[in-house]
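Notes for the one structure printed next.
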Ligand SMILES: [Mn+2]
């Protein structure tokens, strides 16, 4: 049988010889000899063909043959005829739910969905921006943020417990996120051309697995339309959950029969399907069409927050309810967060957002969050992605304080 190198194997760092399988997420540090050996399999070859040109003695050949079998087990080498099950130019098997990117949030360990244990914080990317009405590009948000955060943060874990040793915050004068366990499960796989519902079902399925053990999910978009399948999964796990929605927009546009929701009407969809026990919106500004009046809905516009203070708005949250937080980065003023598809001027500054998040996290029990609408294609010097990362870090430092 002839074998070739899997097309999902990439060399991440040729100098130190690190290769990665982009689908399984396995990273291997390999020797120069192994790299040479692998290069021989760039075209399909039998083991015998390769062994005859790398070693002359029998013992050496046996050793190398054993090693090659190991590479087959690890799916680094695959039989020439084998269809790599993840994607074969458009054919996708239903069992593959996520892709594993090269880097992780805050350099934390990567985990496959099935290997999740007792992690406290689980990162998931949803690189989907087909629900965007304005400029697309938010699909690049999760991986951009992974790259920036793993450049800036080294994750040190206790060898015995696997728990994070945390990071010292100058502002708070203490170590943040010490003793929590984090994992990154990668990105929900998107098959280009599939319909929204099929993709949403996959998001729903992945989020269910992520939250099944009670960990705190941090779901990074992507556009806001994906909060709909996320909240389906959240409701399934937790039953009745209220939603804190922080955004420049209400996202309460009309839904159209037979057309999937988009990022401008996602909370209409959420309300239609009763996915939120109560919807609390914070930071909305500008013109919003018509005002919604309903007993399960509260609006705290940015003007309200400035006039009456954050404290007053937050006391309206019911402390006996679990809450899910959905945060659109465009709640911030475009001066601070230009990299987003539908900016509105005269927005919040980061200090006010952080105050709001602290007040919320100290008032109620948050069971998870999403951060959406970061669009690296429209960004300036990565500042929106950086701010979104600081926001995630701030939320986590409050939830796990
Ligand atoms: Mn928005």
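The values are calculated or read from the model by the stated rules, or taken from the named source; none is laboratory data. Since the structure is predicted, the reported quantities are computational estimates derived from the model, not experimental observations. Cβ placement follows ideal geometry from the backbone for every residue including glycine, while neighbour counts extend to all protein chains displayed.
Things worth noting here:
- Qualifying residue in segment 240-262 (condition: farther than 26 Å from residue 341 by Cα, surrounded by fewer than 24 Cβ atoms within 10 Å (Cβ to Cβ), touching a helix residue (DSSP H, G or I) at 6+ places or on another chain (Cβ under 9 Å) and in contact (Cβ under 8 Å) with a residue 24 or more places away in the chain): yes
- Members of segment 214-264 that are within 12 Å of the ligand (Cβ to nearest atom), assigned to a helix (DSSP H, G or I) and within 26 Å of residue 314 (Cβ to Cβ): 224, 227
- Residues of segment 333-356 classified as farther than 20 Å from residue 145 by Cα and in a loop (DSSP other than H, G, I, E, B), total: 5
- Residue within segment 364-372 that is more than 16 Å from the ligand (Cβ to nearest atom) and assigned to a helix (DSSP H, G or I) present: no
- For the criterion of being over 23 Å from residue 139 (Cβ atoms), touching a residue at least 60 places away in the same chain (Cβ under 8 Å), in contact with a strand residue (DSSP E or B) (Cβ under 9 Å, 6 or more places away or on another chain) and more than 16 Å from the ligand (Cβ to nearest atom), residue 322 passes.
- From 93, 133, residue being assigned to a loop (DSSP other than H, G, I, E, B), farther than 15 Å from residue 182 by Cβ and at pLDDT 90 or above: 133
- Unique residue being buried (at least 22 other Cβ atoms within 10 Å of the Cβ), more than 13 Å from the ligand (Cβ to nearest atom) and assigned to a helix (DSSP H, G or I) when the list is 385, 359, 397, 390: 385
- Residue match in segment 284-300 (condition: within 16 Å of the ligand (Cβ to nearest atom) and in a helix (DSSP H, G or I)): no
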